[in-house]
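Colleague: If you scroll down you'll find the structure; I have some questions about it.
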Amino acid sequence: NLIELGNTQILDVRTEQENKEGSIKGSVNIDFWHPKFITLVKNQFDKSEPLLIYCAGGGRSGMAADKLSKKGFKVIYDLEGGYDGYTNKD
């Protein structure tokens with residue numbers, strides 16, 4: 001629903017290869033396992049605006065949400081079921 005409402009801050013924390021296989025329109029891909037993940041995200045996104053995070057199934061995005069929350073991101077949404085769940089929705 002957030003995507004349909006026009007949330008413009010969408011973070012894909014999957015690998016580059018996973019992202020090449022498909023992504024949510026308007027999302028920015030920053031691999032969760034990248035050594036400078038936090039810095040890259042902070043440079044790309046506004047901490048004061050809602051941030052939607054997703055990965056393939058929900059594991060990495062949950063870890064990313066936890067880390068980013070500790071770094072000052074105020075409102076974070078973790079896409080339930082990840083990209084796999086999003087693409088398989090009815």
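The values are calculated or read from the model by the stated rules, or taken from the named source; none is laboratory data. Predicted model, so just to flag it, every value in this text is computed and none were measured. No Cβ is skipped: glycine too gets one built from the backbone with ideal geometry, and neighbour counts run over all protein chains shown. Keep in mind that these areas ignore ligands, DNA and RNA; they rest on the heavy atoms of the full protein, side chains included. Shrake-Rupley method; radii C 1.70, N 1.55, O 1.52, S 1.80 Å.
Colleague: Which value in nm describes the separation of the simple spin-label points at residue 88 and residue 24, placed 7 Å from the Cα toward the beta carbon?
Modeller: Going from the residue 88 label point to the residue 24 one covers 1.7 nm.
Colleague: Now for a separate question. Which trypsin sites (Lys or Arg not before Pro) in segment 7-75 pass both tests, a DSSP loop state and at most 15 other beta-carbon atoms within 10 Å?
Modeller: Passing both the DSSP loop test and the Cβ count: 25, 36, 47, 71, 74.
Colleague: Using helices alone, what [θ] at 222 nm do you get for the chain, with -39,500 (n - 2.57) per DSSP H run of 4 or more residues, divided over all residues and rounded to the nearest 500? Don't jump to the answer; show the numbers that get you there.
Modeller: Working: 4 runs with 31 residues, N = 90.
Calculated mean residue ellipticity at 222 nm is -9000 deg cm²/dmol.
Colleague: Using a 1.4 Å probe on the protein heavy atoms only, what accessible surface does residue 21 show? Give it in Å² to the nearest 10.
Modeller: Counting only protein heavy atoms, residue 21 exposes about 140 Å² to solvent.
Colleague: Residue by residue through segment 68-81, which ³J(HN,Hα) values in whole Hz follow from phi under the Karplus form 6.51 cos²θ - 1.76 cosθ + 1.60 (θ = phi - 60°), with glycine and proline marked x?
Modeller: 5, 4, 6, 9, x, 6, 7, 10, 10, 10, 9, 5, 4, x
Colleague: Which far-off residues, 5 or more places away or on another chain, put their amide H under 5 Å from the one on residue 28, with H placed in the peptide plane?
Modeller: Answer set, sorted by chain and number: 10, 11, 12.
Colleague: Would you pull out the residues with amide H under 5 Å of residue 51's amide H, same chain only if 5 or more places away, H placed 1.01 Å from N?
Modeller: 75, 76, 77
Colleague: P(r) for the chain, please, calculated from all Cα pair distances in 5 Å bins and given in %.
Modeller: Spelled out per bin, shortest first, that is 3, 15, 29, 28, 18, 6, 1, 0.
Colleague: Mean separation of Cα pairs under 8 Å and 6+ residues apart, divided by the residue count of the chain: what relative contact order is that in percent?
Modeller: 28
Colleague: Turning to a different aspect of this structure: Each label point is 7 Å from the Cα along the Cα-to-Cβ direction; what then is the distance between the points at residue 46 and residue 74, in nm?
Modeller: 1.0
Colleague: With a point put 7 Å past each Cα toward its Cβ, work out how far residue 67 is from residue 33 in nm, to one decimal.
Modeller: The two pseudo-label positions are separated by 1.2 nm.
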